[in-house]
Structures are given as C-alpha cells and as structure tokens.
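No lab work stands behind these numbers, since they all come straight from the coordinates. What you see is a predicted model; the values in this text were computed from it and never measured. Note that each Cβ is placed from the backbone with ideal geometry, even for glycine, and that neighbours are counted across all protein chains shown.
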Amino acid sequence: MTVSDLQVTALSGPELRPFIPDLARLRLTVFRAFPYLYSGTPDYEEAYLQTYLEAGDAVIVLALDGNEVVGASTAVPLSHETPEVKAPFESPEFDVSDVLYLGESVLLPQYRGRGLGHAFFDGREAHARRLGLGVTAFCAVQRPADHPARPADYRPLDTFWKARGYVERPDLHTTMSWQDVGEEIETPKPMQFWLRRGQD
C-alpha cells in the first residue's frame, strides 16, 4: 500500500469536528511509544484539539484508509499557540505572526515507510504558503540516548527533517509537561525547535 492507496486531505475549522474523537484516539495510541511515552486521556485530547476547531487558519492533514483515520498532522499559526511555544520566537530574529507552528504528526506503525511523512509536510507547508507565512517550525522532545524505554531499533527522525530543509536550533527551546507511561504525575520535558525559512 502506498500514499496513492489512501486518502490524504487537509481540513480546517468546523469541517474537522467529526474527526476530533478519532484524532484524540490516534494521538493517545501513537504517543504512548518512545520518545513521547505520553499517558493521556481522551477528554484532555479532545479539549486540546479544540484549538484547531476554533482557529480558522489552522489545518489538520488527515490520512484515511477508507473511513478510518490512520494518520494526522497538525499546524496552526504560532500566534494561536501557548506562551511556552511562542516564547522562543519573541526575539528580534522572528516575527511571531510569520510562523506556522507544526504541532505533531501521528501515524499508525503499519502505515509508516509509505511516503505519508512527506505528504504531511507537503500539506502543512502548502498551508503556510496559502497564509503567506515565511517560517515553519516544530519542536521535538529531547530524551537521553540511554533512556531505559528507548527501543534497540529506534531511529530518530533528524535525517528526514534535514532532508525536508529543516535546521536544528539548539538555541530555541522550551519545556512542556505531561505524564509519562508509568509515572503518577506530570514532569517537565525539554523540547528543541527545528525550523525552515521560505516555502518554495
């Protein structure tokens, strides 16, 4: 099966509403794995995804196998994001209003390696062009190389991101908190940004 066997579509605003429960379940499934190890709840996920419903200029690129949501990738202008996401860009180098924040890409394991990662970036970068935004950026969790939950066959996505034209920026970082699988409370996680200028 390749991308051509699936339906990949970009949706915004109210048209996303029917997919919110499926997106919440997908995030909970995919993010339990390393490196996020995220232990969340459907109620929290659906509340989080309201940002994309309410921001008319947000987008979610969906991958559908028939009627099943098997992957999704989100983006929203940085001006809609939380203070901890915006803060690294509040400097003379950037204009917060010129940045599209790429929230996450989640894809069920059995659909990986078929080009959907590129399709997700293509869709979000096209959205940045439609909005006239010059920078796309995302952040990734930083886990130690010897983390006990790191699978032996784990491969970071750095090479893929670099091939897409993204530059790692160790000077741009923030902290987000969530409850890891096996933890009883939320703990802070270091997050580092990657960015790309220009969407040609």
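Restricting to DSSP H runs of at least four residues, report the calculated mean residue ellipticity at 222 nm for the chain, -39500 (n - 2.57) per run over all residues, nearest 500 deg cm²/dmol.
Working: 5 runs with 50 residues, N = 200.
That calculation yields -7500 deg cm²/dmol at 222 nm.
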Checklist line | Listed residue (Ser39, Thr9, Gln50) projecting farthest to the positive dipole end of the chain, Cβ model | finding: Thr9
Margin query: Which residue, Thr174, Pro109, Ala145, has the largest displacement toward the positive end of the dipole of segment 96-200 when charges sit on each Cβ (Lys, Arg +1; Asp, Glu -1)?
Written below: Pro109
Notebook entry, point to check: Extent of segment 3-197 along each principal axis, from alpha carbon coordinates, in Å, largest to smallest?
Noted result: 46, 43, 33
Margin query: Mean Kyte-Doolittle hydropathy of 0.0 or higher plus an axial Cα length of 20 Å or more: which whole DSSP H helices in the chain meet both?
Written below: none
Item checked: Given charges at beta-carbon only (K, R positive; D, E negative), |dipole| of the chain in Debye -> 580 debye
Notebook entry, point to check: How far apart, in nm, are two points set 7 Å out from the Cα along the Cα-to-Cβ line at Phe34 and at Thr51?
Noted result: 2.7 nm
Margin query: Pairwise over distinct Cα atoms, reciprocal of the mean inverse distance: report the Kirkwood radius of segment 1-63 in Å, one decimal place.
Written below: 12.7 Å
